[in-house]
Amino acid sequence: MKYKIKGLLLMSIASILFNIFYFSNYTILLLVLVLFGWYEFFQKKKVFENLEIEYDLEYEKCFIEEEIEYRIYLKNNSNEDIYITISPSNLLSRLKPPFQRIKLLSNEKKKITFITSFGTRGIKEIGYISINYKTPLGFEFWKIKKVNKTIEVLPEFIYSEFNKESLKKLLPGQKSNIRVLEDVTYVENIDEYNNEPMNRINWKVSAKYDKLMVKKYAHTSTGKVYMFVDLNLPDGIPKNNIFWKSERKIYEEYALKAAASIIRNQKLKHEDVNLVVIGKEIKRISSNDWINYYDILSISTGTEEPEYKIEEIIEHDLPYFTYEDTVIIISIHLTDKIIPDLIKLRAKTSKVIVLIMPYGFRIEHEGKLNIKEHDMFRIEAIDLEKKTILLEENHIIVRLVSPNNSLTEIFETI
């Protein structure tokens, strides 16, 4: 706890001097007022010292722009009421309201609720809680408590349907849109009997509808989706180019949005997804829960001077791919150096999809820009577009995404 008594000290000195040199009833009154100020100071100091402060967050994780409650619990352990001002944190710029002034009754415990949200992903520090008491008697107190909690802001995902997996080796255990082999662990529907085997008849449902009804099963496949998200500037782009430096940061957020959207879509369909994020560090994850992937995406960052290169990562992982796998690569740019590795990768897998998005993509509800798409791209991207012809000839699907393309529109062209 800290306090400031400069005003009270000045009043005390002034009242003593007035009583020495200008003694009167008024100077005595001033001295009494100062003495009352000191009495009030020690009383409120005792109240403030015994003030308990606790805190809580509605969630430990949230999405960008999602509003959450930030709760502060105060307890007055004294027999005296007090008016205080609560300022939760200077780090929470979106706090509503920014502060609250309340009356805390004697021995009262009160919950004060604030609403906050975040505009960017990552691990966010909450900062400090500040409690202030101020009086016209010339002194004030304040107490600061560090919040030993952080909140993880997950990347935004854009709704899109990604159904571009190739035909895979078929085994029970996983859903697929390709109706080739049935998975008897998933009953998809009940339908009227039409020359199906007798063991498929659902006798309870048949008795209810007074006609033969059979089980319709879902169908399965077991290939994996491998996703490589490169957040770094690749070789071939000038490292000190101001345009690419600023554009890489914008690209990073869009790349993670695209990855989050595809991963969520795949996991809801029970697909195996192996994610590799290439940034300042290499992060790998394979999980049954899509939210675990978001934990990785929320803290991943790239750099203009990378230690790790995507072509080296792909070359390292090449022996582990099988022909049933689908590979998705998201990058800001591709250079000639990676083309041989992509061709080798295609020879080992069923499908390779490369999404190049130097300027991000269009969100579904946003309008299109009034500009020709070809005019949007810099010369490096235009040169890359010419090289994609060679890749397409080798059955490597490359899409150069413009700010006028939505994810759904891009997926529909694959």
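Every number in this text was worked out from the coordinates using simple rules, so none of it is lab data. Just so it is clear, the structure is predicted and the values come from calculations on it, not from any experiment.
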Long-range HN-HN contacts of Phe63 with modeled amide H, under 5 Å: Leu154
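What shape does region 325-364 have by the C-alpha gyration tensor, where a ≥ b ≥ c are the square roots of the eigenvalues, rounded means a/c under 1.5, and otherwise prolate means a/b greater than b/c and oblate the rest?
Because a/c hits 1.5 or more and a/b fails to exceed b/c, region 325-364 counts as oblate.
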query: What ³J(HN,Hα) values, in whole Hz, does the Karplus curve 6.51 cos²θ - 1.76 cosθ + 1.60 give for region 337-354 when θ = phi - 60°, with x put for Gly and Pro?
result: 4, 8, 4, x, 5, 5, 5, 4, 4, 5, 5, 9, 10, 7, 7, 10, 10, 10
message: Output wanted: per-residue J couplings in Hz (rounded whole) for region 307-319, from phi through Karplus 6.51 cos²θ - 1.76 cosθ + 1.60, θ = phi - 60°, x for Gly and Pro.
response: 8, 10, 10, 5, 5, 5, 5, 5, 4, 5, 8, 3, x
- line: Interchain or sequence-distant (5+) residues whose placed amide H lies within less than 5 Å of the amide H of Asn405 are Arg362
Global geometry of region 2-154, whether rounded, prolate or oblate, following the gyration tensor of its Cα atoms and the 1.5 cut on a/c: prolate
message: Taking 8 Å as the Cα distance limit and 6 or more residues as the minimum spacing, I'd like the relative contact order of region 271-323 as a percentage.
response: 32
statement: In the structure shown, of Lys46/Lys134; Lys224/Lys269; Lys280/Lys351; Lys96/Lys146, the pairs separated by more than 18 angstrom at the C-alpha atoms are Lys280/Lys351; Lys96/Lys146
Subset of Lys149/Lys257; Lys111/Lys257; Lys2/Lys61; Lys143/Lys249 violating a 31 Å alpha-carbon distance limit: Lys111/Lys257; Lys2/Lys61; Lys143/Lys249
Region 67-145-region 311-337 distance, computed between alpha-carbon centres (Å): 51
query: Once phi is turned into θ = phi - 60°, what whole-Hz ³J(HN,Hα) does the Karplus curve with 6.51, -1.76 and 1.60 give for every residue of region 116-124, x standing for Gly and Pro?
result: 9, 8, 10, x, 9, 7, x, 8, 9
